[in-house]
Structure formats: C-alpha cells, structure tokens
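Peer 1: The structure that follows is given in the form of structure tokens.
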Amino acid sequence: MTQLPNIISTLRITGSVGLLLCDVTSVAYWIIYSLCGFSDIADGWLARKLKCVTKMGALMDSMADICFVACCGWKLLPIFELPQWLWLWVGVIVAIKVVNQLSALVMYGRCCFPHTTANKITGFLVFIAVPMTVWSIIPIATVAAIATFAAIQEGHYIRTKKIYQ
C-alpha cells in the first residue's frame, strides 16, 4: 500500500508518453490527459494520507510532472496560435527554472524540486487552463504570471536552503 503513490506517478509517466500516440482532437487524448492530471493530485494526497511521503516519491512526482508537461507541450503547442510575447514569457520561466536547477546542482550536488504551494497551484492551473487556451490566451497568460512567481520562489527556497522534498 505504501508504494501506491509511486505506482500512480509511474502510471502518469506512462500516460504522458501515451499522449504522444494520440491525436489531440481524439477523445482518447483528453481522457488520458484528464487521468494524468487527476493522478497528479491523487499521488501526493495518498502519500500524505498513507504517511509514506519520501524523497524518492517526491522526485518521481516531479519527474512525472515534467514528463506530462513536455508531452502535452509537444502535442498542443503546435496547434495553439500564441503571441510572441507569451512565447518569450514562457522562455523566461523556463530559463529561471533551469538556473534554479543549476544552482541546486552547484549547492547540493543534485536537482531540487521544492513542492511549494505556488508550484502546486501552477500545476493545477496549467492542467485546467491548457484546454481553455483554444478559446482565449487569458487563462494561459494568468498561469504564466503565477508560474513566474512560483519559479522565483522556488529559486529563493533553493538558494536559502528552505527546500523541503
């Protein structure tokens, strides 16, 4: 029972890769997308509920999140007509996160993925805002603002050794 959260994270990675095999307009894509999104909520909740929170589990959750975002981005970004300023903004967020990880590697000899409240909110909002981007860029721009704060906060936590993972 204590491995259930890690199994769910592993299934999210598998589902994320499965998204690459589906057409974005298919029902299968959106079912897998939804299952992956809800599994992100479920694994952390179960780990806390079962009192089996581990560093390995937190790392698996972060890797599953990265895989999900990468696979969704690979499939969805080509069909979205996003303005150049939004692409630049996303690039800035990615650059901040890369600097954060480089800082963690230098300071601790490993990557660090703090599960801050801002990061959790960003993940949830990305999950619900991405489908809405078909109609408007306002949801994804709002998420970009929150993601910017989360990335800066993450870097602060890493650099001040307030990491908790």
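FYI, it's all coordinate maths here, none of it is from the lab. Nothing here was measured: the structure is a model prediction, and the numbers come from that model. Neighbour counts are summed over all protein chains in view; Cβ atoms, including those assigned to glycine, are modelled from backbone coordinates with ideal geometry.
Peer 1: Enumerate the amide H contacts of H115 below 5 Å, restricted to partners 5 or more residues apart or on another chain; note that Pro and chain-start residues carry no placed amide H.
Peer 2: Amide H neighbours of H115: Y164.
Peer 1: From the phi angles alone, apply the Karplus equation (6.51, -1.76, 1.60; θ = phi - 60°) to the range 73-89 and give each ³J(HN,Hα) in whole Hz, x where the residue is Gly or Pro.
Peer 2: Coupling constants for the range 73-89: x, 4, 7, 8, 4, x, 8, 7, 9, 8, x, 4, 4, 6, 4, 4, 4 Hz.
Peer 1: Related question: When the helices in the chain are scored as -39500 (n - 2.57) per DSSP H run of 4 or longer and the sum is shared across all residues, what 222 nm value do you end up with, to the nearest 500 deg cm²/dmol?
Peer 2: Details: 6 runs with 124 residues, N = 165.
Helices in the chain give a 222 nm mean residue ellipticity of -26000 deg cm²/dmol.
Peer 1: Now, a different point. Please give the FRET efficiency for L77 paired with T160, using the beta carbon to beta carbon distance and R0 = 22 Å, rounded to the nearest 0.05.
Peer 2: Details: r = 33 Å, r/R0 = 1.52.
After rounding, the FRET efficiency stands at 0.05.
Peer 1: Same structure, new question: Which entry is the computed mean projected area of the Cα convex hull in nm² for this structure: (i) 9.5; (ii) 9.0; (iii) 16.0?
Peer 2: Computing mean projected area of the Cα convex hull in nm² and matching it to (i) 9.5; (ii) 9.0; (iii) 16.0 gives (i).
Peer 1: Quick check for me: using +1 on Lys/Arg Cβ and -1 on Asp/Glu Cβ, what's the dipole size of the range 10-165 about its Cα centre, in debye to the nearest 20? Please list the in-between numbers first.
Peer 2: Working: 12 positive and 7 negative charges, 145 e Å.
In debye, rounded to 20, the range 10-165 gives about 700.
Peer 1: Given just the C-alpha atoms of the range 1-66, how large is their convex hull per residue in cubic angstrom?
Peer 2: Working: hull volume 4.4 nm³, N = 66.
Cα-based convex hull of the range 1-66, divided per residue, equals 67 Å³.
Peer 1: Let me ask another. Given springs between every Cα pair under 10 Å in a Gaussian network model of the chain, which of G37, G18, G155 has the largest fluctuation?
Peer 2: G18
Peer 1: Under a cut-off of 18 Å between alpha-carbon atoms, report the aspartates and glutamates in cross-link reach of K75, not counting same-chain residues fewer than 8 places apart.
Peer 2: Candidates past the 8-residue exclusion: D23, D65.
Peer 1: For the residue pair F124 and L35, what label-to-label distance in nm results when each label sits 7 Å from Cα along the Cα-to-beta-carbon direction?
Peer 2: 2.4 nm
Peer 1: Set the Förster distance to 30 Å, then compute FRET efficiency between F149 and R110 from the Cβ-Cβ distance, nearest 0.05. Write out the running numbers ahead of the final one.
Peer 2: On the way: r = 24 Å, r/R0 = 0.81.
After rounding, the FRET efficiency stands at 0.80.
Peer 1: Where in the range 1-62 are there trypsin sites (Lys or Arg not before Pro) that are in a DSSP coil and have at most 15 other Cβ atoms within 10 angstrom of their Cβ?
Peer 2: Details: sites: R12, R48, K49, K51, K55; in loops: K51.
When the trypsin sites (Lys or Arg not before Pro) of the range 1-62 are filtered for loop state and at most 15 Cβ neighbours within 10 Å, K51 remain.
Peer 1: Also, quick follow-up: Near K55, which lysines are there with a Cα under 18 Å away, not counting those fewer than 8 places off in the same chain?
Peer 2: Partners within reach: K120, K161, K162.
Peer 1: Within a Cβ distance under 11 Å of I32, other residues only, what is the Lys/Arg minus Asp/Glu net charge? If you can, show how the numbers build up before the last one.
Peer 2: On the way: positive: R12, K75; negative: none.
Result for the neighbourhood of I32: +2.
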